[in-house]
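These notes are about the structure you will find just below.
The values are calculated or read from the model by the stated rules, or taken from the named source; none is laboratory data. Predicted model, so just to flag it, every value in this text is computed and none were measured. FYI the Cβ positions are ideal-geometry reconstructions off the backbone, even for glycines, and counts take in every protein chain you see.
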Amino acid sequence: MERGETPECGRTLLGNSGWFNSPGWGSEAAPASPERCEWRIVATHGSASCSYNEIDIHKSEECRSEWVEIRDGYMPNAPVLGRICGSGKGPMMRSTGSRLTVVYQPGPRSKPHKGFKAHYEAVCGGDIEVDSSGHLESPNYPDDYQPNKLCIWKLSVPEDYQVALRFHSFEVENHDTCSYDKVKVRDGDSMDSPLIGMFCGHKIPPDIRSTSNKLLVIFESDSSVQKAGFSATFMKEFDECSIINHGCSHSCVNTLGGYECACDIGYELHSDGKKCENACGGVLYTPNGTITSPSFPDLYPPSKNCLWEIVAPPQHRITLNFTHFDLEGNNMYQQECEYDSVTVHSRLSADKLRRHGAFCGSALPPPVTSDGSVLRVQFTSDASVHRFGFAAAYYIDVDECAENNGGCQHECHNTLGGYECACRSGFTLHPNKQDCKEGGCKHDVTQPHGTIECAYDHVTIYDGASADEKTLGRFCGGKLPHPVVASQNQMYVVFKSDVSVQRKGFLATHSTACGGYLSASDSVKHLYSHARYGDDSYESRADCDWNIVAPIGQFVKLTFLTFELEPEAHCGYDYVQIFGGYEGSAGDYGKFCGTVMPPELVSTTEALLVRFRTDDSIVFKGFSASYQAVKPDVWSGEESEGSEDEEEDERMPPLVVGRRGLRAPQPRPCKFEKWNKPEDVLTDSAYWENVAKNQNEAK
């Protein structure tokens, strides 16, 4: 509200919808001091509409003495959508942009009038003609958008221009195929126009440019999960490099709303943004030489991107040997180098590269031999930590394996100044160093215990998220390994090869198995209905059993956090069923389906069984739950003698929802008043056999 404004006479309205009225609405007496009022309506995610529920204003020719005026925008010279006076119900008017101004000018009244009352609403979507640029936001941004929204924006610019769209923030419910909430962009102004992209999740979409002068943006949300939504700007765009190169030394690259100059390999852009000057990198044709990082052996500078291409004659190979290496980062466990790195590729054709590796840290990389006659070396550094860099020597050598496989029967490996033959698995090299003969592996075992290590090329599998976890197996050779199962929800696989013999490698499949044995502890852990919970619906025909076990003397507390299964009156299709005890030996705690959240459950023993079953038809989002071990004195329900809780538990059936969740009452002491015949007393097993017999007879 600006200075001089009152709540009744003008203000800025930012809500999704609301009411406003003239001063003294409902009173037929003229205002004590009539003044001009101005309301500014802002729709953050589309256009604004205003409809007049009731108008009773003095009517004059062309509404000159007293009137309500609606303007399409904020500025005083904004187009007038209409001027209203008289009595009755006024029309609905809608802005072309996101702003609407309502001006009320009272005047002298010859007879009593009540004024007006109006309703405004922010309408998402609309037809927007882009003169320069504008802004799009999801409904209610930056707060969570509303459920079941459909917003369609039709953006258009003058002929000979394109529409450019750039997202600044993006958070829409995630799904692999964007089946729930989504933003769709089409190259045109109709629902049949070509689809440029469909986006959801948290990753900001790339910049978008239409091929014509029209662009369609569609936002859809379903009835369940809501997120913060998105914010984007749009602008009219044309190719600034199509007519002139703007003084760029090498090349001009078109960007959204502008252009930028780019340089060829071996050059970098001058600070003036146009000229190109010599830089690290370049194309090397000499038969041998040295590559070093910028400023080596001093610290390399920040934000560098150096690219070298070493070109050899046909039927020649290039060997790169690192002599010094010290870069930020560490890829000891084959992690990607996130900060600074040296990446080596063989260039097999103009558009085909074969990667040898990306290296960082302080360990000296192994020698690299090209697969063809061109080797590409790229060095990148970020803006933070700097090290001493690297130095590497390269040599160009004739590829002796290029003709007749070097005379090798199986495999020929080029080496510096020569070559060597190798044999496939199951064969050994003949003394003539070219042929292969059948052979096998030979190990001299001298210790009573131990393992035969895969010392050269191997695959190692770890039971967890890193190589620090327990090893599930190390495999090499030609024998197919047995199936490997992790004890938790992560598995770490490392493949390592040395610089000598190469083989075809391996092909493995991985899958997720639901269910299993879970260990509850004092810390809260989580359980999900399926591996892709949150990204996709659960699978049909699921058959999952989770046994959750607490330490001896403690109980298991299970709390559902989300729950959405196919609903059915008797939970006969998809359901979650909870049992007490190991493998469900301590009774049925309940069967749940639909979208109503199950109550919190606490076991009466040290274990709970969670069973999840689905049929072969309809699937929903599934469920998530937390579990932890709790001590009996917290959950037993035992209070001081005569307490209210004890009296309540006396009336409880065998299993109820009490004030602390779902639990069974504690057993009460049993006192025998009379014991006549000891031979009539049955053992536990005999008792249950007798019960079963009576039930069968009753049937």
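Some points to look at:
- Selection over segment 552-575 of residues that are over 30 Å from the mean Cα position of the chain (by Cα), in contact (Cβ under 8 Å) with a residue 24 or more places away in the chain and surrounded by fewer than 19 Cβ atoms within 10 Å (Cβ to Cβ) gives a count of 4.
- For Ala363, the criteria (1) at pLDDT 80 or above; (2) out of contact with any helix residue (DSSP H, G or I) (no Cβ under 9 Å at 6 or more places or on another chain); (3) surrounded by 15 or more Cβ atoms within 10 Å (Cβ to Cβ) hold in every case but one, which is (3).
- Residue check for His250: more than 20 Å from Ser381 (Cα to Cα) and either at pLDDT below 80 or surrounded by 13 or more Cβ atoms within 10 Å (Cβ to Cβ) (or both): yes
- Any chance Asp131 is closer than 30 Å to Lys227 by Cβ, at pLDDT below 85, among the charged types (D, E, K, R) and surrounded by fewer than 16 Cβ atoms within 10 Å (Cβ to Cβ): no
- Here Val485 fulfils each of the conditions (1) surrounded by fewer than 16 Cβ atoms within 10 Å (Cβ to Cβ); (2) within 25 Å of Gly357 (Cβ to Cβ); (3) within 29 Å of the chain's Cα centre (by Cα) apart from (2).
- The residues in segment 190-205 that are crowded, with 18+ Cβ neighbours inside 10 Å and either over 20 Å from Lys236 (Cβ atoms) or modelled with pLDDT under 90 (or both) can be counted, and the count is 3.
- Meets criteria (assigned by TED's automatic domain parsing to the domain that holds Phe592, closer than 21 Å to Ile618 by Cα, of a type in the set (Phe, Trp, Tyr) and modelled with pLDDT of 90 or more) for Phe563: yes
- Among residues of segment 519-551 being hydrophobic (A, V, I, L, M, F, W, C) and surrounded by fewer than 17 Cβ atoms within 10 Å (Cβ to Cβ), the one that is nearest to Cys178 (Cα to Cα) is Ala531.
- Verdict on Cys276 being within 28 Å of His345 (Cβ to Cβ), modelled with pLDDT under 85 and in contact with a Ser or Thr (Cβ under 6 Å, 6 or more places away or on another chain): yes
- Residue match in segment 113-120 (condition: of a type in the set (Lys, Arg), modelled with pLDDT of 85 or more, farther than 25 Å from Asn21 by Cβ and not assigned by TED's automatic domain parsing to the domain that holds Asp535): no
- The residues in segment 198-223 that are outside any loop (DSSP other than H, G, I, E, B), under 14 Å from Val163 (Cβ atoms) and without any contact (Cβ under 8 Å) to a residue 60 or more places away in the chain can be counted, and the count is 2.
- Segment 1-42 - residue that is acidic (Asp, Glu) and modelled with pLDDT under 80 and, of those, farthest from Gln146 (Cα to Cα): Glu28
- Of the residues examined, Val103 is one that is assigned by TED's automatic domain parsing to the domain that holds Ser22 and either touching a Leu at 6+ places or on another chain (Cβ under 6 Å) or in contact (Cβ under 8 Å) with a residue 40 or more places away in the chain (or both).
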